[in-house]
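Q: Here it is: the structure, laid out below.
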Amino acid sequence: MKLARLPDGSPEVFRTLQGEGPSMGCPAVFLRLSLCNLHCVWCDTPFTWNWEGTPWPHLDKRKFSKSDYIVEQTPAELTATLESASRPGDRLVITGGEPLLQQGELSALVTLLSPNFSAIEIETNGTQLPIPALDSHIAQYNVSPKLANSQNAPELRIQEKAMKFFATCERAFFKFVVVSQSDLKEVEELQQRFEIPASRILLMPEGRSAEALAKSRSWLAQECLDHGYRLTDRLHVQLWGDERAK
Ligand SMILES: Nc1nc2[nH]cc(C(=O)O)c2c(=O)[nH]1
Ligand code: SF4
Ligand SMILES: [Mg+2]
């Protein structure tokens, strides 16, 4: 599997509190996979996709070399790493990049790991349909469909089949990254088009510092009250800023 590589050469595996979504605050081991099919201008993990020689624009104006930022391991190798990083009762959160680009190997991994974790969550951009061999092990999807503020083309960022699957899946929560108040119209349109229950919609401020998050908190809270949505913070950013593997 292609995994995000830390400076010491090891795969990006870390134990922390889930910082976003319905299980915010829960102790969890995180695994960060490399590769993404989208290219969000504000992405906080551009080292999973913004490779040297590619044309993708990003606010950081920085490119990454694949050899420095990808490490390969088999599901069996990773199982040992994840087990030794965990404590009893931990959740496992699989993120990226877009982890559902490597579903075959992910299925093998979660089959080996299921008994060791209280629940397995996947963070996804909602463009890929989960395969049954993987889906049967997943307790929660944190689906973050991208809005126009990400600057991806609409036909790339919204995929009908996958969105329909997640909209009807009670284990899927939709976490929209909101930059400005005008984004709310798009959230409402997606809610109506895919008939997503308001109780499974969360709004999350965009930001890689506590100061940036604080700017949108009050009006985002009011939007949640007005629409019956949930609010999620980015707890890890409040605690540790933009530090990697936290
Ligand atoms: N603590 C913590 N919580 C997170 N929730 C989603 C994350 C992500 O990068 O996908 C993340 C992350 O990187 N750290
Ligand atoms: S979908 Fe997620 S990982 Fe991919 S570019 Fe957007 S924010 Fe980054
Ligand atoms: Mg993140």
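Q: Per the helix-only calculation at 222 nm, which mean residue ellipticity applies to the chain, given -39500 (n - 2.57) for every DSSP H run of n ≥ 4 and division by its residues, nearest 500 deg cm²/dmol?
A: Value at 222 nm, helices only: -9000 deg cm²/dmol.
Q: Further question: Report the label-to-label distance for SER114 and TRP240 in nanometres (one decimal), using points 7 Å from each Cα along the Cα→Cβ vector.
A: Rounded to a tenth, the inter-label distance reads 3.0 nm.
Q: Calculate the dipole size of region 123-246 relative to its Cα centre from +1 charges on Lys and Arg beta carbons and -1 charges on Asp and Glu beta carbons; express the result in debye to the nearest 20.
A: 220 debye
Q: Just how large is the dipole of region 2-175 about the Cα centre, in debye to the nearest 20, putting +1 at every Lys and Arg Cβ and -1 at every Asp and Glu Cβ?
A: Dipole size: approximately 300 debye.
Q: Something else now. Taking the Cβ-Cβ separation of TRP219 and LYS61 as r and a Förster radius of 35 Å, what is the calculated FRET efficiency to the nearest 0.05?
A: 0.75
Q: Classify the chain from the C-alpha gyration tensor, please: rounded if a/c falls under 1.5, else prolate or oblate depending on whether a/b exceeds b/c.
A: Because its axes are fairly even, with a/c under 1.5, the chain counts as rounded.
Q: Please rank GLU170, GLU20, GLU105, fewest neighbouring Cβ atoms within 10 Å first, as an exposure proxy.
A: GLU170, GLU105, GLU20
Q: Take the cross-link list LYS66/LYS146; LYS2/LYS215; LYS2/LYS185; LYS66/LYS215; LYS61/LYS175 and give me the ones stretching past 32 Å between alpha-carbons.
A: Those over the limit are LYS2/LYS215; LYS2/LYS185; LYS66/LYS215.
Q: Percent antiparallel among DSSP beta bridges with both residues in the chain, to the nearest 5?
A: 30 percent
Q: How much net charge surrounds ILE94 when only the other residues with a Cβ under 10 Å from the Cβ of ILE94 are counted, with Lys and Arg +1 and Asp and Glu -1?
A: Charge balance near ILE94 sits at -1.
Q: Which one of LEU3, PRO145, LEU112 has its Cα pushed farthest toward the positive end of the charge dipole of region 2-175, where Lys and Arg give +1 and Asp and Glu give -1 at the Cβ?
A: The one lying farthest along the dipole's positive direction is PRO145.
Q: Name the residue farthest towards the positive end of the dipole of region 2-175 from the options GLY126, CYS40, LEU78, assuming +1 on Cβ of Lys and Arg, -1 on Cβ of Asp and Glu, about the Cα centre.
A: Value computed over the given set: CYS40.
Q: Could you work out the local net charge near ALA148, counting Lys and Arg as +1, Asp and Glu as -1, over the other residues with Cβ closer than 14 Å to its Cβ?
A: -3
Q: Classify region 55-99 as rounded, prolate or oblate from the Cα gyration tensor: take a ≥ b ≥ c as the square roots of its eigenvalues, call it rounded if a/c is under 1.5, otherwise prolate when a/b beats b/c and oblate if not.
A: Because a/c hits 1.5 or more and a/b exceeds b/c, region 55-99 counts as prolate.
Q: Need one number: the % of Cα-Cα pairs in region 122-211 sitting beyond the 17 Å mark.
A: That tail contains 47 percent of the Cα-Cα pairs.
Throughout, read-outs are computed from the coordinates displayed, never taken from laboratory work. The structure presented is a predicted model; accordingly, all values stated were derived computationally and were not measured. Reconstructed Cβ throughout: ideal geometry from the backbone, glycine too, with neighbour counts over all protein chains shown.
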